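Below is one structure; the comments refer to it alone.
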Amino acid sequence: MGRGPMVRVRRLRGDDPHAERREALAAVTPYLSLVRAPMYPAARTPSAKELVVATYNVHRWTGTAGTSRTPDPERASFVISELGADVLALQEVIRPFAGEDPLVRLADQLRLHVAFVATRIHRQGELGNAILSRWPIASASLLDLNFSRIERRTAVAAQLSSDAGPLSLIATHLALVDRTRHRQVRHLLDHPQLQGPVILLGDMNMWRTNDKANRALEAELPTHSEIDWPASFPAARPVLALDRIYARGAKVLEVRSHQSPAAKRASDHLPVIARVALL
């Protein structure tokens, strides 16, 4: 009785060249998967007191509907090139098991440093969060936010090598459930390893003003209660302000969604971009 199922599993694995790799990686997720300088770094520029930062959920590179069997990373990559950001947070990034890595290609094209954390293993490859930066990444780490059996969530934290001193970035994609999201926010705010000004970027999944996560962020960062968060989801006709940028030791001067024609087709989220002044 035991031989039949074993034969069937082996046959299925034979049809999938990445089955063993996927199983091995799934057993150790989440993990820090990539920290890399661009192949041809841009000339080192002094760190400014004002940065342009952005966050973008690229929806597994599949466009607005998310149903395409053939992801097209070039669509989202073009939108990212439109932003002209100094640092970016990306969510729902897939690094495929086969073929060219679109995240590495994007970082090289824009001459940006990159760090990536794999949150879970997708059938096509690693799925997770990324940080892209004009300035070198001095260190990067994984923040495990898996406080629920239903949703696997992480953040990637990076310390930038800045002439103005240490600058911490956190890129994340928070849970859909309010109680879990509140625990995740408290974990991020209380993390002891973050130095200097801290910029928190990501898909926060907060659409109600009175949820616990939103109240925790506004209590810790009171200036953000004055911000009129731009709607970013769904991209074609945005009504929900899910994607946000917060700062501690810095001030968000202006925040807006990027509503170019390309952005309305490349993902189900619009990018959100902000000017941030370091204090």
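For the reader, a short list of remarks on this structure follows.
- Scanning the range 127-168 for residues that are over 16 Å from residue 57 (Cβ atoms), in contact with a Pro (Cβ under 9 Å, 6 or more places away or on another chain), part of a strand (DSSP E or B) and not aliphatic (A, V, I, L, M) gives 144, 159, 168.
- Boolean, residue 113 is touching a residue at least 24 places away in the same chain (Cβ under 8 Å) and either surrounded by fewer than 20 Cβ atoms within 10 Å (Cβ to Cβ) or of a type in the set (Phe, Trp, Tyr) (or both): no
- Check on residue 239, farther than 16 Å from residue 57 by Cα, of a type in the set (A, V, I, L, M, F, W, C) and at pLDDT 95 or above: no
- Selected residue (criterion: surrounded by the fewest Cβ atoms within 10 Å (Cβ to Cβ)) from residues of the range 255-269 that are closer than 11 Å to residue 238 by Cβ and without any contact (Cβ under 8 Å) to a residue 60 or more places away in the chain: 259
- Meeting the requirement of 3 or more residues that are farther than 25 Å from residue 187 by Cβ and of a type outside the set (Val, Ile, Thr), the strands (runs of 3 or more DSSP E) wholly within the range 201-279 are 250-257.
- Residue in the range 119-127 that is under 23 Å from residue 86 (Cβ atoms), crowded, with 16+ Cβ neighbours inside 10 Å and among the hydroxyl-bearing types (Ser, Thr, Tyr) present: no
- In this entry, residue 22 passes the filter for residues that are within 27 Å of residue 141 (Cα to Cα), modelled with pLDDT under 85, among the basic types (Lys, Arg) and surrounded by 13 or more Cβ atoms within 10 Å (Cβ to Cβ).
- Condition check for residue 162: within 17 Å of residue 278 (Cβ to Cβ) and at pLDDT below 90: yes
- Only one entry of 101, 86, 72 meets the criterion of being touching a Phe, Trp or Tyr at 6+ places or on another chain (Cβ under 7 Å) and of a type in the set (Asp, Glu), and that entry is 72.
- Tabulated pairs, the range 180-201, first under 27 Å from residue 58 (Cα atoms), second assigned to a loop (DSSP other than H, G, I, E, B) and aromatic (Phe, Trp, Tyr), C-beta under 6 angstrom, 6+ apart or interchain: 180/147; 183/147
The values are calculated or read from the model by the stated rules, or taken from the named source; none is laboratory data. Keep in mind the model is a prediction, meaning the values are calculated, not measured. Here the Cβ is made from the backbone with ideal geometry for all residues, glycine too, and neighbour counts use every protein chain on show.
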